[in-house]
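The values are calculated or read from the model by the stated rules, or taken from the named source; none is laboratory data. This one's a predicted model, so the numbers in the text were calculated from it and none came from an experiment. With ligands, DNA and RNA removed, areas are computed over all heavy atoms of the protein, side chains included. Shrake-Rupley method; radii C 1.70, N 1.55, O 1.52, S 1.80 Å.
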Amino acid sequence: MILSVSAVIITFVLPLTYHMKKLLLVTGAVLCCHSLFSWGFYAHQQINYYAVFMLPPEMMVLYKPNIQFLTDHAVDPDKRRYIVSTEGAHHYIDIDHYGRYPFDSLPRYWSKAIEKYGKDTVQANGIVPWYIQTMLSRLTAAFKEKDQVKILKLSADIGHYIADSHVPLHVCSNHNGQFTNQQGIHGFWESRIPELLAATSWDFFIGKAEYISNPLSFTWNRVLESAAASDSVLTFERELSKQFSSDQKFSFEERNGKVIREYSTTYCLAYNKMLNNMIERRMQQSIYAVASFWYTAWVNAGQPDLKQLTNKTFSQEDLKEFDALNNAWLNEQLKGKGEFLPDR
Ligand SMILES: [Zn+2]
């Protein structure tokens, strides 16, 4: 169940006693409750899911029957960070390390960027805009090879990285408000609010995928939009926080015999209003971008007939890899490390 998984991720679980609850409310103890640092699991899964409905019929014949796989595996890249040390850098770019908006000093081409700053520096600041291009090339190659397993795995993965590039706090070094005493804002923006509002109030049927003639430039435009929005994301929350006492800002909920602390519904609604539905718009733009990148890869591969693919069954190695990803992620949750991005 998507929601229960994300609930485990985003929240701080406490033993159940009334007095403890009361004590924590009174003292306003600082309990960290944020998600893994990318769109929460729920949002990532929704983005890949709804992207399928934007595809043309020639692609739908493959994507629709496999929609559950694309949804479930939308979060593999986040799980992969626990077993692949270089994975973290694929999910973000701390673009403010390169000056001020619109960051003209940073070359948009990978080769020019590493020539100017050195590969280690560029890698350390995060490489999401360029990694999306790498994934697009791999997906295009998989279409050319007519390899169904590769197409599905790469489609699920690229959906994740594209979605991450739409999150303002993935494009900002103050990614969890840690420099401004706003710890937890990352999960608040990308997990708590979508989980509260997406299913009931947001619209994700938003038209058709389109061919992207310049994917690198498209990606940079989205990254710059995210960068421009990061200031509002942080500033508005800081302002709103002044109007709420701690026990108004947070609430405790009981789920399955455990008490969970999270941002209160009132606080979520007030913040969402201040942002003028920015989170819904960024989810919609993510869905459009994911579908359009899938479509672009297929077109660039010569529009192969997706009813005539090879390699349709996941191998033992694939299944072992999925297990390893799940186990690594679950272990981190049990150790309590899942709340922190390991590579930043
Ligand atoms: Zn991510």
query: Looking only at L306, L334, L240, which one moves most when the chain is put into a Gaussian network model with springs between Cα atoms under 10 Å?
result: L334
message: On a full-extension model of 0.36 nm per residue, what is the gain between Q178 and R138, subtracting their alpha-carbon distance, rounded to one decimal in nm?
response: 10.9 nm
field: Solvent-accessible area per residue, Å², over the range 87-185 with all protein chains present [probe radius 1.4 Å]
entry: 38
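Given a 1.4 Å probe and every protein chain left where it sits, what share in percent of the accessible area of the range 125-250 is carbon and sulfur? Can you show the working numbers first?
Numbers: 2210 of 4540 Å².
Result for the range 125-250: 49 percent of the exposed heavy-atom area is carbon or sulfur.
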query: Extension gain Q123-K242, at 0.36 nm per residue separation less the Cα-Cα distance, in nm?
result: 39.2 nm
task: Tell me what the chain gives for mean residue ellipticity at 222 nm when only DSSP H runs of n ≥ 4 count, each as -39,500 (n - 2.57), the sum divided by the residue total, rounded to 500 deg cm²/dmol.
output: -17500 deg cm²/dmol
- line: Expected field for W130, accessible surface area in Å² at 1.4 Å probe radius, rounded to 10, holds 20
field: Rounded to 10°, Cα long-axis angle of helix 215-241 versus longest principal axis of the chain
entry: 10
query: Tell me, in nm to one decimal, what length is gained between D104 and M274 on full extension, where the rule is 0.36 nm per residue of separation less the Cα-Cα distance?
result: 58.2 nm
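How many Å² of accessible area per residue for the range 198-344, probe 1.4 Å?
Values: 7610 Å² over 147 residues.
Heavy-atom SASA per residue in the range 198-344 reads 52 Å².
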Between 0 and 90°, nearest 10: helix 41-52 axis offset from the chain longest Cα axis: 30
Across K64/K146; K64/K144; K144/K312; K64/K150, pairs whose alpha-carbon gap is larger than 23 Å: none
query: In a GNM of the chain with a 10 Å cut-off on Cα contacts, which of Q45, Q308, Q148 has the highest mean-square fluctuation?
result: Q308
- prompt: Anyone know which of I212, I158, I193 comes out most mobile in the 10 Å Cα GNM of the chain?
  reply: I212
message: I'd like the accessible area for I162, computed on protein heavy atoms only with a 1.4 Å probe and all protein chains in place. Round to 10 Å², please.
response: 0
message: If the reach is capped at under 16 angstrom between alpha carbons, list the lysines near K249, excluding any in the same chain fewer than eight residues apart.
response: K21, K22, K273
message: What do you get for the angle between helix 128-145 and the principal long axis of the chain? Use alpha-carbon atoms, 0 to 90 degrees, nearest ten.
response: 40
- prompt: What are the residues whose amide H is under 5 Å from the amide H of I212, where those residues sit 5 or more places off or on another chain and H is modelled from the backbone?
  reply: T296
